[in-house]
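Novice: Sharing a structure, written as structure tokens. Questions coming.
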Amino acid sequence: MSRSYLAASAAMALVGVILAGCSTPGGKSAAVDDARLLEAEKDGANWLSYGRTQDEQRFSPLSDVSDTNVSQLGLEWSYDLDTARGQEATPVVVDGIMYVSTAWSMVKAFDATNGKLLWAYDPKVPRSKLVEVCCDAVNRGVAVYKGRVYVGTLDGRLVALNADDGKILWETKAVPDGSPMAITGAPRIVKGKVLLGSAGAEYITRGYLAAYDAESGKEVWKFYTVPGDPAKGFEGKHLEAAAKTWSGEWWKLGGGGTVWDSITYDPQTDLVYFGTANAEPWNPTPRSPKGGDNLYTASIVAVNPDTGEYVWHFQETPEDRWDFDSNQQIIAATIPIEGKPRRVLMHAPKNGFFYVLDAKTGQFISGKPFAQVTWAKGLDPVTGRPDIVPEARYEQTGKPFVSYPGATGAHSWHPMSYSPKTGLVYIPANRAAQGYMAAKDWKPSDVGFQLGLEGGPLSMPADPLIRAAAMADTTGSLVAWDPVAQKARWTVQHPGPSNGGTLATAGNLVFQGTAGGEFRAYAADSGKQLWSYPVQTGVIAAPMTYSVKGVQYVAILVGWGGVWDVATGVLATKSGTVRNISRMLVFKVGGKAALPAPPPEAKRVLDPPPVTAKAEVALAGQNIYHRSCHVCHGDGAVAGGVNPDLRHAASLSDPGMWQKIVHDGLLKDNGMVSWKANYSPEQIESVRHYVIRRANEDKALGGK
């Protein structure tokens, strides 16, 4: 719950140097070079990088599994993972070997035909790091190149492993000393370099994308996404220009704009594209009191892959105040525009609009909402700039504003896919509102999220009617979007948000896992559901497919978690199952394996101690809770399922034990660090009384 590094992660400072400073040979496995990456589109047997091809289309030309036989798909093998957190990675398969990362940045290699574990690597991330991570201890994948497997670790390292045995070849620190930044995204390989960014735009950080030499790990170039202190000079003319869109002393608050996902290379334009996160803090008054667009936050940026030099940018959400990151997957493709083929970028960011841009120049071509949007009336047809409604500028009105979408986004990191056969983009979409209210006289601190917002007053109340309305209005969907006509061709509704990413194949199929615990296949042209398999847990990762010796397999990593589970409280249950059973699952036509029965769940009832403190004590605890605790333990003190639900904590009845845990850090090795540097014992006790009050409110409503 503190953004400052603690003693448990002090060992991380030792990795600030590269362990092997010269070129290090990789193994014989993962024999992937630049030429092979460039030809990946033709190589359906393998899945060589995060999105299969460098343009991130997530389309497979394999068609042995098709709309005519997908109903015969069965489980071929499974593997139970040793990390009970959210699983977000897409496996990479090279010549019959699968490489996949799991939660806590662990990496495993399997025989892709039978699931035999070949090797495993654990970077031993300090569990105390979890308190500085907004959205679970997740990792989205690895990169492979010339016999090496690369992974970014949650505590800020880039590690190169020997693909044969998983032994470390080198590791380098990829975040600044003492920074609360974390790495959750998958590295990308571009022309002999490993490209990687970091997360943390809620914790006073300055975003960047960096390139490292793939053989040695030495930094080749770094592109900062927001300008730093003008008195120290700018790292390029593009940042000097960006500084004109900020005011005040923004650099003292970091600026934000982290690159935590969405890195795409398009060989046709020879450009690297990446998305940037929100400005920091969310409330724009402290960071830029005289207004401004705050470049290059909430933008797509194009750079030269050899030098990192700025080429162009397109800002999707100027003056962002809603956490509308542009870190969602960027797809490069050639589609017909006004009857002529044109190389474009397609993007569905958090803000709810689907953008089509010229890939060479960044010129806005078109944009329409793919989900409900209330913060803007629409986009300027020439510039693509949003027409923001006055009420959405909540820091100016002084009133709360409820936005569709909210900070979880109309589309978040869950990868979308594009099928050249249907011409459609398959988007895992969300409908989830959020309230925003500017905090009065806000000052930054070392405590929790640095948002500049009031949290407690906008938390979910115990009122059953309000809860029921919020639950009914919170849904998810799979949207098949036509990027030329800018409209949905078909839509499949899901009970709640945070469903898995998608895979499109030449077999006229779209695969997606659901938060409700199913792995499904749909007809890509019509959206008709053709197959489903119960996986016993929610799915947030994206599936992939490969073939070995002429047999096509479909694989998916399952395990519920991520930001929707840890932060949204009672709304997390709307998506379906909130249980985490983390596994690697692989299917083929005629597969006969079966999953073991899930372990029985303990029945839990709310049995809190009685309310004894005055209302103002609980109110003080509520404000602290929603500043520092809710991102892990859930809105309104209701946990989704992965992290502990404090309403059931035995220490609620034992104020001494509560202090030992929260104040002294008794459970620091489990991720619950000490908060004594941030709050007094009296303040910590007020949080206990708030949770007691909330538990009694929910008990009265018949809650669990």
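Readers should treat all values here as calculations from the given coordinates under stated rules, not as data from a laboratory. What you see is a predicted model; the values in this text were computed from it and never measured. Ideal geometry is used to build each Cβ from the backbone, glycine not excepted, and the neighbour counts take in all protein chains shown.
Novice: Taking the Cα centre of segment 615-700 as origin, work out the dipole magnitude from +1 charges on Lys and Arg Cβ and -1 charges on Asp and Glu Cβ, in debye rounded to 20. Show your work: numbers first, answer last.
Specialist: Details: 9 positive and 10 negative charges, 12 e Å.
So the dipole magnitude of segment 615-700 works out to roughly 60 debye.
Novice: Here is a further query. With unit charges on the beta carbon (Lys/Arg positive, Asp/Glu negative), name the residue among Ser417, Ala433, Gly455 whose Cα is farthest towards the positive pole of the charge dipole of segment 355-502.
Specialist: Ser417
Novice: Okay, helix-only estimate at 222 nm for the chain: each DSSP H run of n ≥ 4 adds -39500 (n - 2.57), divide by all residues, round to 500 deg cm²/dmol; what do you get?
Specialist: Taken over the chain, the calculation gives -3000 deg cm²/dmol.
Novice: For the chain, give the share of DSSP beta bridges that are antiparallel, in percent and rounded to the nearest 5; count only bridges with both residues there. List each step's numbers first, then the result.
Specialist: Working: 125 of 128 bridges.
Percent antiparallel among DSSP bridges in the chain is about 100.
Novice: Could I ask something else about it? Rounded to a whole number of µm²/s, how large is the Stokes-Einstein D of segment 56-104 at 4 °C and 1.567 mPa s, given Rh as the Kirkwood radius over C-alpha pairs?
Specialist: Estimated diffusion coefficient is 93 µm²/s.
Novice: Highest mean first, what order results for 356-362, 305-311 on Cβ atoms within 10 Å?
Specialist: 356-362, 305-311
Novice: Binned at 10 Å from 0, what are the whole-percent values of the Cα-Cα distance distribution for segment 250-351, short to long?
Specialist: Result, from short to long distances: 16, 42, 29, 11, 2 percent.
Novice: Contact order normalised by length for the chain, with contacts defined as Cα pairs under 8 Å and 6 or more residues apart; what percent is it?
Specialist: RCO, the chain: 14 percent.
Novice: Okay, next question. Counting pairwise Cα distances across segment 228-269, what percent come out greater than 11 angstrom? Before the final figure, lay out each step's value.
Specialist: Numbers: 639 of 861 pairs.
Summing the P(r) tail past 11 Å for segment 228-269 gives 74 percent.
Novice: Using a Förster radius of 41 Å, what is the FRET efficiency between Asp229 and Leu38 based on their Cβ-Cβ separation? Nearest 0.05, please.
Specialist: 0.50
Novice: May I pose another question? In whole Å, largest first, what are the principal axis extents of the Cα atoms in segment 536-677?
Specialist: 68, 32, 26
Novice: Place +1 on the Cβ of every Lys and Arg and -1 on the Cβ of every Asp and Glu in the chain, take the dipole about the Cα centre, and give the residue among Thr276, Ala523, Ser299 whose Cα lies farthest towards its positive end.
Specialist: The residue sitting farthest along the positive end of the dipole is Ala523.
Novice: Quick one: Cα centre-to-centre distance for segment 315-370 and segment 165-208, in angstrom?
Specialist: Centre-to-centre distance over Cα atoms comes out at 25 Å.
Novice: To continue, here is another question. Compute the convex hull volume of the Cα atoms of segment 615-700, divide it by the residue count, and report the result per residue in Å³ as a whole number.
Specialist: For segment 615-700, the hull spanned by Cα atoms encloses 88 Å³ per residue.
Novice: Just want the answer: with Cβ charges of +1 for Lys and Arg and -1 for Asp and Glu, which residue in Phe370, Pro599, Gly207 is farthest toward the dipole's positive end in the chain?
Specialist: Ranked along the dipole, the leading option is Pro599.
Novice: Hey, can you rank 650-663, 316-329 by average C-beta count inside 10 Å, highest first?
Specialist: Details: 650-663: 16.4, 316-329: 26.1.
Going by the mean number of other Cβ atoms within 10 Å, highest first, we get 316-329, 650-663.
Novice: Over segment 418-522, calculate the relative contact order: mean separation of alpha carbon pairs under 8 Å at least 6 apart, over the residue count, as a percent.
Specialist: Relative contact order of segment 418-522: 29 percent.
Novice: Turning to a different aspect of this structure: In the calculated pair distance distribution of segment 296-345, what percentage of Cα-Cα distances lie above 18 Å?
Specialist: 49
Novice: What does the charge dipole of the chain about its Cα centre add up to, to the nearest 20 debye, if the Cβ of each Lys and Arg holds +1 and the Cβ of each Asp and Glu holds -1?
Specialist: 620
Novice: Report relative contact order for segment 615-700 in percent, whole number only (criteria: Cα-Cα under 8 Å, sequence separation at least 6). It would help to have the intermediate numbers written out before the result.
Specialist: Numbers: 103 pairs, mean separation 30.4, N = 86.
Worked out over segment 615-700, it gives 35 percent.
Novice: Which entries of Lys146/Lys218; Lys244/Lys360; Lys42/Lys549; Lys129/Lys668; Lys487/Lys574; Lys116/Lys592 show an alpha-carbon separation above 19 angstrom in the structure shown?
Specialist: Cα-Cα > 19 Å for Lys244/Lys360; Lys487/Lys574; rest within.
Novice: Kirkwood Rh over Cα pairs of segment 353-426 into Stokes-Einstein at 10 °C, 1.306 mPa s: D in µm²/s?
Specialist: Reported coefficient: 110 µm²/s.
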